[in-house]
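As C-alpha cells, the structure follows; a few thoughts come after it.
The values are calculated or read from the model by the stated rules, or taken from the named source; none is laboratory data. Here the structure is a predicted model, which means the values were calculated and not measured. Here the Cβ is made from the backbone with ideal geometry for all residues, glycine too, and neighbour counts use every protein chain on show.
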Amino acid sequence: METMWIARQAGGKRCMRMAEVEVERTQYQLNKELAQMLKGGVIMDVTNPEQARIAEAAGACAVMALERIPADIRAAGGVSRMSDPKMIKGIQDAVSIPVMAKCRIGHFVEAQILEAIDIDYIDESEVLSPADDTYHIDKTRFRVPFVCGAKDLGEALRRIAEGASMIRTKGEPGTGDVVQAVRHMRMVNAEIARIASLRDDELFQAAKDLQVPYELVQLVHDERRLPVVNFAAGGIATPADAALMMQLGAEGVFVGSGIFKSGDPAKRADAIVKAVIHYQEPTVIAQLSEDLGEAMVGINEQEIDLLMAERGK
Amino acid sequence: MNVAVLAIQGAFVEHENMLRRLGVTCVELRGASDLRKPFDALVLPGGESTVQGKLLRELGMSDDIKQRIADGMPVLATCAGLILLADRVVNDPRTYLRTLPIVVRRNAYGRQLGSFRTLGDVHGIDAHGKGAFPMEFIRAPYVEEVGDDVEVLAKIDTHVVAVRYHNQVATAFHPELTGDTRVHELFLDMIEK
C-alpha cells in the first residue's frame, strides 16, 4: 500500500517534492490508524446534540452527524444533501468521541466544507443523493479521512485507490433489513478468498477484471484482507444483527436508523455495543436481546423502490 | 509468559501481533470470566476511552484489574489506556482506574486533522537499540502533570507523552502501530524482573 501510494502520487503530480509526498502518505496512514482505533466499536447516527450524548453514554465509539436518519430520508424522498455545518458543530461540541458526517458521492465541495469544520471522518455516502453519476471524490486531495461503502471487492478497492481509509458495506440504509449488509460482507469475503487463492501470474488479470490497480490486488492476495478497516453498515437493528455481522467478519458496525427509530434508544444502543464485544457468546446476546422495547418497524428489501446501494459503483 | 490484552474495543489485535512477534502468548480479556485465566502482565490498548471505561465498569472488570495493578502487575497502556490509568483528566469529569498519579488532557492535539507522526527519544529503551522512536499520535492525549515518583520517559515539544510509575508504563502514542518493538520489550522486561 505504502509503495503504491508513493508511486501513484509521484506519477500523478510529477512536480511534487518527495517531502510533500511523505506528508500526504503520513496523513493517509494516520487516517487508516484512526479507523483501527474504532474497531470493535459501534458508530451511531445522531441528528442532534442530545442524541449524540445518549450515543456516547451508551458506548458509541463515534457518531455520524446528520440532519435526518436514513429511514426518514427514505420516507421523505427528494434530494438529500450534506447537513447544516452549524448542526454538525453542535454535535462536535456535545461529545468527546470522533464525529463523522456525510457528503454526497462526488460532491467534493461538501467534502471541503466538512474538512473546513474539522470533521474527524467523512462518509462519501450513497444514502444522500449522488452529486456525480460518474466520478467519486478524489479523496487523495484531502487530509481528512474518508469512509466509503462497497458491495464487492472491486468497489472497495476502487474507493481505496481513490483515497478512502476505511470501508463499510453499503447495506440498504433506513430499512432495518440486514440482508444486503450480509450479502455485501459475504461477497467481499468470498472475493478476498478467491484472490488469495490465485497464482501470482493470475493477479494481473484479476486487477483488470476488478478494474483496480494491480498493487492493491497484490496486497489483498498477500494479506488475505482489505488493506483498510472494514465495518458493516445498513439495516442493523438488533444486537443479533450486530453479532451476525461481526461473525461474518466485520470489524465493527454502523447503526443508523436502528437506534433512534426504536422504542428505547439508550437501552438498545447499550445492548448493541455489548453484542459487538460478545459476538461469539449466544448466552450473552440472548440476555442483551431481552426487553429492548420495540425495534424499528423496517421495510423488506422487496418492498422498496429506491435501492441506495446501487448508487456509485 | 502470558500477557493479557484488554479486548473490549479498539486496536487490541495490533498489540497481540506485536507481543506474538516477541514470543509471548496473549490472553484476550473480554469479560469478567476471562480474568480467571492465568496471566503475568496486562496491556490496555488504544481505542475510545469513554467506551472502554464504561465497559470495564459494566462488565465487572474494573476492581479486579485495579487490584492487580496495585499489587504490582506490569501494565502497558497506550493512548486510551493512558486515560484509563490516569488519576484525573483535566478536560473531562470521567475517570476510570486511577492507578497512575498523572493528570492528562484528552484529545489534547485536537481532532483527527491534529493527528501526527514524529520521531522522539524514549528514555529507557536504549538498551534495546539506538535511535529515535517512531510515534503515532491519533487524537491523542498528553500528560499535563506528573505526581511524585513518576518518571518521564518521553516529551514532545514541552508535553510529556510517556511515563513510567513502578509497574506501569503509559504512552500517549501507539508503539503497537509501528514496526518498532522497543517499548513492548521495555514492558516485557518488567515481567521478568
(request) Report, by residue number, each residue of the stretch A:255-278 that is more than 14 Å from chain B (Cβ to nearest Cβ), in a helix (DSSP H, G or I), more than 18 Å from the chain's Cα centre (by Cα) and not hydrophobic (A, V, I, L, M, F, W, C). (result) A:Pro265, A:Arg268
(message) When you scan the stretch B:54-70, do you find a residue that is in contact with a strand residue (DSSP E or B) (Cβ under 7 Å, 6 or more places away or on another chain), within 11 Å of chain A (Cβ to nearest Cβ) and not aromatic (Phe, Trp, Tyr), even just one?
(response) no
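Taking the options A:Ile119, A:Ile88, A:Ile43, name whichever one is under 23 Å from B:Ala108 (Cα atoms), facing another protein chain (nearest Cβ under 8 Å) and crowded, with 17+ Cβ neighbours inside 10 Å.
Going through A:Ile119, A:Ile88, A:Ile43 in turn, the sole match is A:Ile119.
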(message) So, in the stretch A:61-84, exactly how many residues are crowded, with 17+ Cβ neighbours inside 10 Å and among the small types (Gly, Ala, Ser)?
(response) 5
(request) With the checklist (1) assigned to a loop (DSSP other than H, G, I, E, B); (2) within 14 Å of chain A (Cβ to nearest Cβ); (3) surrounded by fewer than 24 Cβ atoms within 10 Å (Cβ to Cβ); (4) not aliphatic (A, V, I, L, M) in hand, flag the one item B:Pro134 doesn't pass. (result) (1)
(request) Check A:Leu244 against each of (1) surrounded by fewer than 24 Cβ atoms within 10 Å (Cβ to Cβ); (2) part of a loop (DSSP other than H, G, I, E, B) and name the one condition it does not meet. (result) (2)
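Quick one: is B:Tyr96 within 19 Å of A:Thr26 (Cβ to Cβ), assigned to a loop (DSSP other than H, G, I, E, B) and among the aromatic types (Phe, Trp, Tyr)?
no
Against the condition among the hydrophobic types (A, V, I, L, M, F, W, C), within 12 Å of another protein chain (Cβ to nearest Cβ) and closer than 21 Å to B:Leu85 by Cβ, how does B:Ile191 come out, does it pass? First the steps, then the outcome.
Working: among the hydrophobic types (A, V, I, L, M, F, W, C): yes; within 12 Å of another protein chain (Cβ to nearest Cβ): no; closer than 21 Å to B:Leu85 by Cβ: yes.
Here the answer is no, as B:Ile191 does not meet what is asked.
Answer with yes or no whether A:Ala150 is more than 17 Å from B:Arg111 (Cα to Cα) and out of contact with any strand residue (DSSP E or B) (no Cβ under 6 Å at 6 or more places or on another chain).
No: the conditions fail for A:Ala150.
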(request) Quick one: in the stretch B:105-131, of everything that is of a type outside the set (Val, Ile, Thr) and part of a strand (DSSP E or B), which residue is farthest from A:Gln27 (Cα to Cα)? (result) B:Arg105
(message) Looking only at the stretch B:109-149, how many residues end up being in contact (Cβ under 8 Å) with a residue 12 or more places away in the chain and farther than 22 Å from B:Asp92 by Cα?
(response) 19
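Can you find, within the stretch B:1-19, the residue that is surrounded by the fewest Cβ atoms within 10 Å (Cβ to Cβ) among those that are part of a strand (DSSP E or B) and away from chain A (no Cβ under 13 Å)?
Taking the stretch B:1-19 as the starting set, the residues that turn out to be part of a strand (DSSP E or B) are B:2-6.
Subset that is away from chain A (no Cβ under 13 Å): B:2-4.
Values: B:Asn2: 14, B:Val3: 24, B:Ala4: 23.
Going through the qualifying residues, I end up with B:Asn2.
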(request) Report, by residue number, each residue of the stretch A:159-195 that is under 18 Å from A:Pro239 (Cα atoms), among the hydrophobic types (A, V, I, L, M, F, W, C) and part of a loop (DSSP other than H, G, I, E, B). (result) A:Val178
(message) Just to check your reading of the model, which residue among A:Ile272, A:Ile259, A:Ile236, A:Ile277 is of a type in the set (Val, Ile, Thr) and under 20 Å from A:Lys151 (Cβ atoms)?
(response) A:Ile236
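Kindly establish whether A:Val99 is surrounded by fewer than 22 Cβ atoms within 10 Å (Cβ to Cβ) and either of a type in the set (Val, Ile, Thr) or within 14 Å of another protein chain (Cβ to nearest Cβ) (or both). Even if it seems obvious, please write down each step before you answer.
Values: surrounded by fewer than 22 Cβ atoms within 10 Å (Cβ to Cβ): no; either of a type in the set (Val, Ile, Thr) or within 14 Å of another protein chain (Cβ to nearest Cβ) (or both): yes.
Answer is no for this residue.
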(request) Give me a count of the residues in the stretch B:84-117 that are under 23 Å from B:Leu186 (Cα atoms) and within 10 Å of another protein chain (Cβ to nearest Cβ). (result) 1
(request) Answer yes or no: is there a residue in the stretch B:171-184 that is acidic (Asp, Glu) and under 25 Å from A:Tyr28 (Cα atoms). (result) yes
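Here's the yes/no breakdown for (1) of a type in the set (S, T, N, Q); (2) on the phi < 0 side of the Ramachandran plot; (3) at pLDDT below 95:
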position	(1), (2), (3)
A:Ile160	no, yes, no
A:Val188	no, yes, no
A:Gln211	yes, no, no
A:Glu215	no, yes, no
A:Leu219	no, yes, no
A:Asp264	no, yes, yes
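Take the residues in the stretch B:41-69 that are hydroxyl-bearing (Ser, Thr, Tyr) and either in contact with a Pro (Cβ under 9 Å, 6 or more places away or on another chain) or within 14 Å of A:Ala60 (Cβ to Cβ) (or both); name whichever of them is surrounded by the fewest Cβ atoms within 10 Å (Cβ to Cβ).
For the stretch B:41-69, the residue satisfying everything is B:Thr50.
Among the residues of the stretch A:142-158, which ones are under 16 Å from A:Ile192 (Cα atoms) and either out of contact with any Leu (no Cβ under 7 Å at 6 or more places or on another chain) or not in a helix (DSSP H, G or I) (or both)? Quick ask: steps written out before the conclusion?
Step one: filter the stretch A:142-158 for residues under 16 Å from A:Ile192 (Cα atoms), giving A:150-158.
Within the stretch A:142-158, A:Ala150, A:Lys151, A:Asp152, A:Glu155, A:Arg158 meet the criteria.
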(request) Assess whether A:Val127 counts as being within 14 Å of chain B (Cβ to nearest Cβ) and crowded, with 23+ Cβ neighbours inside 10 Å. (result) no
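Provide a single number: the residues in the stretch A:80-111 that are polar (S, T, N, Q), under 17 Å from A:Val147 (Cβ atoms) and not in a loop (DSSP other than H, G, I, E, B). Break it down stepwise before answering.
Filtering the stretch A:80-111 for residues polar (S, T, N, Q) gives A:80, A:83, A:92, A:96.
Narrowing further to those that are under 17 Å from A:Val147 (Cβ atoms): A:83.
Narrowing further to those that are not in a loop (DSSP other than H, G, I, E, B): none.
Within the stretch A:80-111, residues that are polar (S, T, N, Q), under 17 Å from A:Val147 (Cβ atoms) and not in a loop (DSSP other than H, G, I, E, B) number 0.
Can you find a residue that is closer than 30 Å to A:Gly293 by Cα and among the aromatic types (Phe, Trp, Tyr) anywhere in the stretch A:208-222?
no
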(message) Given the criteria modelled with pLDDT of 95 or more and on the phi > 0 side of the Ramachandran plot, does A:Asp138 qualify?
(response) no
(message) If the requirement is being in contact (Cβ under 8 Å) with a residue 24 or more places away in the chain and assigned to a strand (DSSP E or B), which of these qualifies: B:Val27, B:Val51?
(response) B:Val27
